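A.B. asks: So that we are looking at the same thing, I have put the structure below in structure tokens.
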Amino acid sequence: MSESGTSAQHTSSAVSRYGLAVSSSAAALIVTLLLRPDALISPLFFLAIMLSAWVGGIGPGLLAAALATSAIDYFFLPFDPSHTPKLLVFFLTALLVSSWSATRRRAETLLRRARDELEARVQERTEDLRQRNEQLHAEIAERRRAEEAVREQASLLDLTHDSIFVREPNDVITYWNRGAEELYGWKRAEAIGKVTHQLMQTIFPEPLEEITATLLRTGRWDGELVHTKRDGTQVTVASRWSLQRDERGRTVATLETNNDITGRKQSEESLRKAQAELARVTRAMTLGELAASIAHEVNQPIAGVVTNANACLRWLARDVPELEEAREAAQRIVRDGNRASEVIGRIRALVGKTDTAKERLDVNRAIREVVVLAQGEVRRARVALRTELARELPPVLGDRVQLQQVMLNLITNGIEAMSAVADRPRELIIRTERGDDDDVRISVQDSGVGLDAESAKRIFDAFYTTKSGGMGMGLSISRSIVEAHGGRLWAVPHDGPGATFQFTLSKHP
């Protein structure tokens, strides 16, 4: 509403209230004049004053009191100064009546307003309580449905053969399904409330702090754990952890699912031992074919030892011994002796029956050692062997003997593939280079007869061979060794003569 409209409304209300005071005073005067003026003077005027003050407030009440006093003085009392105290008493009494009536009216108005506000607040509060009550009933119903759903899910989890349990952030077990009871031997009531890693004496593949950090960062973790069952036996499990958070992102619980892979791990270990044994036999057979080369490599340093020993004796047998020349000859004897020892050591490592021992390896150095061992066979086959080894290759994690066996097999295959070549140079190139994700790629390229489509498909199959006297196990074993090191071995046929065998090794197998 505009200010002019509000002002007009206030003016109209004031006119009405003060008009009521005037009209009520006039009505009281007329009625008093018509009735017995001797007996009824003050009561009707007091009634008009009370009505004016009750309806209009203190202002109209005062106006009515002033009008009533004037009317009484003018119409009912003769002019006499002695009547002044009476009129003053009447006016004061009229003021008191007007004030009392206005105050009473205001008090009743305030009381009624307070009662209305109280009733409104009570009604609002009642409505709020009703809504809260309905909301509470809805939440209770929703919680009951959620609990029922959890019970149904728990009953479903009891149907699976997997071991499933839930633990709090402090690793205390809060749920233990039937699969966990069957696998570990503890009943649900015995397991709940216990700390998982203490109950099952967990052996982790890496520090628990690192596993927890990965779980908190990604919300998931999976790996292999070793648990101890109630009867004291150990079980290897494939474990998967899933983190549960609330709406604020706080960790609530961890769901752990475990599958027993003890039998599979035992089978893998048996297979690994069988492969290692077969690889050792193959190494021995390969070394039998390279016996002449090995003898040549050993004879060279031995012949040097004999030659330098005779020279040393001659220098010492002179009338004036040549000590400096004798010392140099003795140093050459030591050098040739060390060379012979190194050759013998490499031969023993290749034919020895030892467990796999992975270590950080310099691939280029391991290749150079194999090249030295194969030099005799390379010369007899009239093969030009060239190495192109990349610099600053990252070290790889692996078993030196097994990886050198792979290289020896590939070099031998390349030499045999070129044995019938007479119209072109026989070249064997060994390369190393950095692959993807810091992998190391090793290539053995020959200029031999190459691979046809059938051979390219089956060349890595066990017992498949293109050689009349071969067993067909060398490349199959080589692929198994490379894959056990986290790498891959494959053959690349050339458009022209020859083929290339390549394999990769990783620093994180």
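A.B. asks: I'd like to verify a number: residues in segment 424-450 that are modelled with pLDDT under 85 and in contact with a helix residue (DSSP H, G or I) (Cβ under 9 Å, 6 or more places away or on another chain), how many?
C.D. replies: Residues in segment 424-450 being modelled with pLDDT under 85 and in contact with a helix residue (DSSP H, G or I) (Cβ under 9 Å, 6 or more places away or on another chain): 2 in total.
A.B. asks: Just to be sure I understand the filter: pairs with C-beta atoms under 7 Å, separated by 6 or more residues or on different chains, first member in segment 483-509 and under 14 Å from GLY414 (Cα atoms) and in the same structural domain as THR432 (by TED's automatic domain parsing), second member modelled with pLDDT of 85 or more and acidic (Asp, Glu). Which pairs pass?
C.D. replies: Close Cβ pairs (under 7 Å, with a partner that is modelled with pLDDT of 85 or more and acidic (Asp, Glu)) amount to GLY498/ASP446; ALA499/ASP446.
A.B. asks: Another question, then. Within segment 419-440, which residues are surrounded by 10 or more Cβ atoms within 10 Å (Cβ to Cβ) and charged (D, E, K, R)?
C.D. replies: ARG424, ARG426, GLU427, ARG431, GLU433, ARG434, ASP438, ASP439
A.B. asks: Let me ask you something else. Every residue in segment 144-163 that is within 20 Å of TRP241 (Cβ to Cβ) and either among the polar types (S, T, N, Q) or at pLDDT 85 or above (or both), please.
C.D. replies: GLN153, THR160, SER163
A.B. asks: Answer yes if at least one residue in segment 387-396 is closer than 21 Å to HIS485 by Cβ, surrounded by 15 or more Cβ atoms within 10 Å (Cβ to Cβ) and touching a Leu at 6+ places or on another chain (Cβ under 7 Å), and no otherwise.
C.D. replies: The answer is yes, given that some residue of segment 387-396 is closer than 21 Å to HIS485 by Cβ, surrounded by 15 or more Cβ atoms within 10 Å (Cβ to Cβ) and touching a Leu at 6+ places or on another chain (Cβ under 7 Å).
A.B. asks: Report whether or not ARG339 is surrounded by 12 or more Cβ atoms within 10 Å (Cβ to Cβ), at pLDDT below 80, within 30 Å of VAL482 (Cα to Cα) and over 53 Å from the mean Cα position of the chain (by Cα).
C.D. replies: Taking the combined requirement at face value, the residue satisfies it.
The values are calculated or read from the model by the stated rules, or taken from the named source; none is laboratory data. Just so we're clear, the structure is a prediction, and the values are computed from it rather than from any experiment. Positions of Cβ are backbone-derived with ideal geometry, glycine not excepted, and every protein chain shown enters the neighbour counts.
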